[in-house]
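The values are calculated or read from the model by the stated rules, or taken from the named source; none is laboratory data. As the structure is a prediction and not an experimental result, all values here were calculated from the model. Cβ atoms come from the backbone with ideal geometry, glycine included; neighbour counts cover every protein chain shown. Keep in mind that these areas ignore ligands, DNA and RNA; they rest on the heavy atoms of the full protein, side chains included. Shrake-Rupley method; radii C 1.70, N 1.55, O 1.52, S 1.80 Å.
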Amino acid sequence: RSLDTAGDDGEVGALRRELAQARRGLGVRALLARHGRLVTTVMPCVLVSPDSVARFFPAQAGLFDLVVFDEASQIRVAEAVGALGRARAAVVVGDSRQMPPTSFAEPTYGVADAGDLAETAVEDEESILSECVQARVPRQWLSWHYRSQDESLIAFSNAQYYGNRLSSFPAPTHGRPSSEPDGRGVSLVRVPGTF
């Protein structure tokens, strides 16, 4: 995205003046409502929770080129809708074998509370990931695992849940750690000389 930042006139100047104010400036929501397009042009990557998107960014379609939901098995559909509506495209990343979002300390509503809506309402899936699976959104399987310190930590899940499709990076040690290169997936070998 191109942006002309020269000069203090126009929208760039107005945003600079607003950010320079020490007190009584616009709040985050008002600032983004007024200068949202400029802010997303200057900062093309924004890392926020779905809840923060709904709280701070204007409800405007196409505000983001792409929204990415990581750990999507933990994100409720209702929390994701606001971010989805502000994006042109979405990537939903997660593992349906992980635990669903927790409902601890959330109010529960019975059918009697819903009145006439209970007959016509469609219940959400428990997460945005399961909603995408149910809606038959095309899926792509990842085949690499990189977080385990030792292969044995992922071996059980790989065999029982993933059909041994996961490849993992070599473990840093097998058996007792030592400074020798034996048994290590990656080792440092110092080479004498001046480079």
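Computed values, structure above
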| item | result |
| --- | --- |
| Residue count for the stretch 76-97, restricted to those that are touching a residue at least 24 places away in the same chain (Cβ under 8 Å) and either among the β-branched types (V, I, T) or part of a strand (DSSP E or B) (or both) | 8 |
| Leading residue by the ranking (nearest to A87 (Cα to Cα)) among those in the stretch 14-60 that are open to solvent by 90 Å² or more (accessible area, probe 1.4 Å) and of a type in the set (A, V, I, L, M, F, W, C) | A59 |
| Those residues of the stretch 133-165 which are farther than 17 Å from D95 by Cβ, open to solvent by 60 Å² or more (accessible area, probe 1.4 Å), at pLDDT below 85 and in a loop (DSSP other than H, G, I, E, B), in sequence order | Q149 |
| Test: residue in the stretch 117-132 that is modelled with pLDDT of 90 or more, exposed (fewer than 14 other Cβ atoms within 10 Å of the Cβ) and over 30 Å from L31 (Cβ atoms) | no |
| Residues (within 13 Å of the chain's Cα centre (by Cα), crowded, with 19+ Cβ neighbours inside 10 Å and in a loop (DSSP other than H, G, I, E, B)) located in the stretch 61-75 | I75 |
| Lone unmet requirement of (1) surrounded by fewer than 14 Cβ atoms within 10 Å (Cβ to Cβ); (2) closer than 30 Å to A72 by Cα; (3) at pLDDT below 90; (4) not charged (D, E, K, R) for A171 | (1) |
